[in-house]
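S.K.: Here it is, the structure in full.
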Amino acid sequence: MSLRALLDLQLKNADEIRNLFYEEGFEVEDLPDKKHLFDKISRGNYELFVIKDPCSPSTSPAITKIKELDPRIEIICIRDRHDEEIAIEAIKSGATACFDESVSIMMLKDTIKKIKKVYDYRRKTHLIESALNEKYVFANIVSRSSAMLDILSLINRIAPYYRTMLITGDTGTGKELLAKAVHEVSPFSKEPFLAFNCSGFVETLIESELFGHVRGAFTGAVSDKKGLFEAAGAGTVLLDEIGTMPQSFQSHLLRVLQDGEFRRVGSAKPMKANCRVIAAAGTDLREKVEKGLFREDLYFRLAVVTIKLPPLNERKEDIPLLFRFFLNRLNKKIGKNVMGLSRPVQNLLMSYDWPGNIRELENVIERAVLVTTANFIRVEDLPPYIKMLKPQASTTLSLDDIEKNHIQRVLITAGNNKTKAASILGLSRRALLRRIRKYGLDKI
């Protein structure tokens, strides 16, 4: 795929620079004037922009704005005259290089070649990161945090055998999604997965929904109806908000879990319950047991396996993976091509505490994708309560840390094949092995 360049036609040597781009394999689009510059940048997907710098104080703010609209774009400024102070300001604002009009074509060519190498490196890094990201998606659950990876490992082990399970966690942490994941990796994944929210139902309605009823069992029962326990077959029934279940019905559920039988409302005929039952609670069921609001025997019957999902603010390392996952899904869903988030947006998302957890993050990303007019989500696309945050200070990594992280990613992508990893990294196998020992990566 060729790179795209935007060329300012106000440059005296625009024709020579255009030929340079062609020689290096760029597609070139001309910019006759700067009237619609920002609109072009926000929609154009350019890798490189060569701009005539009039040496005015307005130049640096323009460069800053361009980098906000597209953080990937590299900018070469060419000035009317030599002014070291303005050149430094342009570089600080995000320009890749800054020359005066006497710059030689060979120097420009060398700069363009270096920019091509940067993009080649970015492309390879993107492929590595994409491969890594796929490794962290499990049944639509996205995570690389140690706590979540332990949970996913656990459900993989128990999915073939469990009969009941309790999932707890704050609102928006993904309890239903985890329940679906358990179902999908079980041997009964082709059977139905049926979810029922216990909140807001009186006992008679819950009994009818879960166990079914026969015609004439109560006013309005004009025909026989299957309940969820029957309709699920050998699949899974999720009882969400189990802590809100009326106490008067809890004994009925306990009997089904103990004996494996139930009766439709209005019928004396026992029926077999073959399904697995997953209960989900956003509150501490133990506390409800202690207060006498939830049966202790039912709690222990449900909590044979208990999984507590951590809130998002305890697994912030997952936020970059999650917003990339949501962004890709939303682009496909609504037909947009938003390419990513600007650096200030990433800092704000990492600074926020996410009381609504993953559901809130997804909503924020969806809103931003809908309202943005640029290729990258900007701060102005975020809700006001996030925009007003003070971004957290970024952590500065040493060169050793950066090299270690990169080698680790490549090793995982290469399936720990040292020869293949060395080839990707541009190292000899012996040099790679020295670095593996140096950084303690032997156990990958």
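S.K.: Pull up the stretch 330-389, narrow it to residues that are hydroxyl-bearing (Ser, Thr, Tyr) and within 20 Å of residue 311 (Cα to Cα), then point me to the one that is farthest from the chain's Cα centre (by Cα).
M.R.: That would be 385.
S.K.: Within the stretch 331-347, track down each residue that is surrounded by 20 or more Cβ atoms within 10 Å (Cβ to Cβ) and not in a loop (DSSP other than H, G, I, E, B).
M.R.: Of everything in the stretch 331-347, those that are surrounded by 20 or more Cβ atoms within 10 Å (Cβ to Cβ) and not in a loop (DSSP other than H, G, I, E, B) turn out to be 341, 345.
S.K.: State yes or no: is residue 47 at negative phi and at pLDDT 80 or above? It would help to see each step written out before you state the result.
M.R.: Working: at negative phi: yes; at pLDDT 80 or above: yes.
So residue 47 passes the test.
S.K.: To continue, here is another question. For the stretch 423-444, how many residues meet the condition of being in contact (Cβ under 8 Å) with a residue 24 or more places away in the chain and under 29 Å from the mean Cα position of the chain (by Cα)?
M.R.: Residues meeting the conditions: 4.
S.K.: Sticking with this one: Considering only the stretch 22-40, I want to know if a residue exists there that is in a helix (DSSP H, G or I), assigned by TED's automatic domain parsing to the domain that holds residue 114 and modelled with pLDDT of 85 or more. Reasoning before the result, please.
M.R.: So the first thing to find is which residues in the stretch 22-40 are in a helix (DSSP H, G or I), and the list is 22-23, 37-40.
After this cut, where a residue has to be assigned by TED's automatic domain parsing to the domain that holds residue 114 as well, the list is 22-23, 37-40.
Next, only the ones that are modelled with pLDDT of 85 or more stay: 22-23.
Yes: the stretch 22-40 contains one or more residues that are in a helix (DSSP H, G or I), assigned by TED's automatic domain parsing to the domain that holds residue 114 and modelled with pLDDT of 85 or more.
S.K.: If residue 404 meets every condition in (1) surrounded by fewer than 16 Cβ atoms within 10 Å (Cβ to Cβ); (2) within 30 Å of residue 353 (Cα to Cα); (3) modelled with pLDDT under 85 apart from one, which number is that one?
M.R.: Unmet condition: (1).
S.K.: Filter the stretch 164-175 down to residues that are over 16 Å from residue 284 (Cα atoms) and modelled with pLDDT of 95 or more, then give me how many there are.
M.R.: Within the stretch 164-175, the first condition is being over 16 Å from residue 284 (Cα atoms), and the residues that meet it are 164, 174.
Imposing the further condition that a residue be modelled with pLDDT of 95 or more reduces the set to 164.
Number of matching residues: 1.
S.K.: What is the residue count in the stretch 73-127 for residues that are within 18 Å of residue 342 (Cα to Cα) and in contact with a Phe, Trp or Tyr (Cβ under 8 Å, 6 or more places away or on another chain)?
M.R.: Qualifying residue count for the region: 3.
S.K.: Picking from 328, 274, 375, 337, which residue would you name as being under 25 Å from residue 211 (Cα atoms) and among the polar types (S, T, N, Q)?
M.R.: Values: 328 fails: under 25 Å from residue 211 (Cα atoms); 375 fails: under 25 Å from residue 211 (Cα atoms); 337 fails: under 25 Å from residue 211 (Cα atoms).
Matching residue, one of 328, 274, 375, 337: 274.
S.K.: Cβ-Cβ below 7 Å, separation at least six or inter-chain, first residue in the stretch 189-203 and on the phi > 0 side of the Ramachandran plot, second surrounded by fewer than 17 Cβ atoms within 10 Å (Cβ to Cβ): which pairs?
M.R.: Pairs that qualify, where the first residue is on the phi > 0 side of the Ramachandran plot and the partner is surrounded by fewer than 17 Cβ atoms within 10 Å (Cβ to Cβ): there are none.
S.K.: Okay, next question. Find all pairs meeting these conditions: Cβ atoms under 6 angstrom apart; at least six residues apart or on different chains; first residue within the stretch 98-124 and surrounded by 15 or more Cβ atoms within 10 Å (Cβ to Cβ); second residue of a type outside the set (Ser, Thr, Tyr) and assigned to a strand (DSSP E or B).
M.R.: 98/77; 99/78; 100/79; 111/97; 115/48; 115/74
S.K.: Given the options 166, 194, 177, name the one that is part of a helix (DSSP H, G or I) and either surrounded by 15 or more Cβ atoms within 10 Å (Cβ to Cβ) or assigned by TED's automatic domain parsing to the domain that holds residue 243 (or both).
M.R.: Values: 166 fails: part of a helix (DSSP H, G or I); 194 fails: part of a helix (DSSP H, G or I).
Testing whether each residue is part of a helix (DSSP H, G or I) and either surrounded by 15 or more Cβ atoms within 10 Å (Cβ to Cβ) or assigned by TED's automatic domain parsing to the domain that holds residue 243 (or both) leaves just 177.
The values are calculated or read from the model by the stated rules, or taken from the named source; none is laboratory data. Please read all numbers here as calculations on a predicted model, not as lab measurements. Note: ideal-geometry Cβ built from the backbone for every residue, glycine included; neighbour counts use all protein chains shown.
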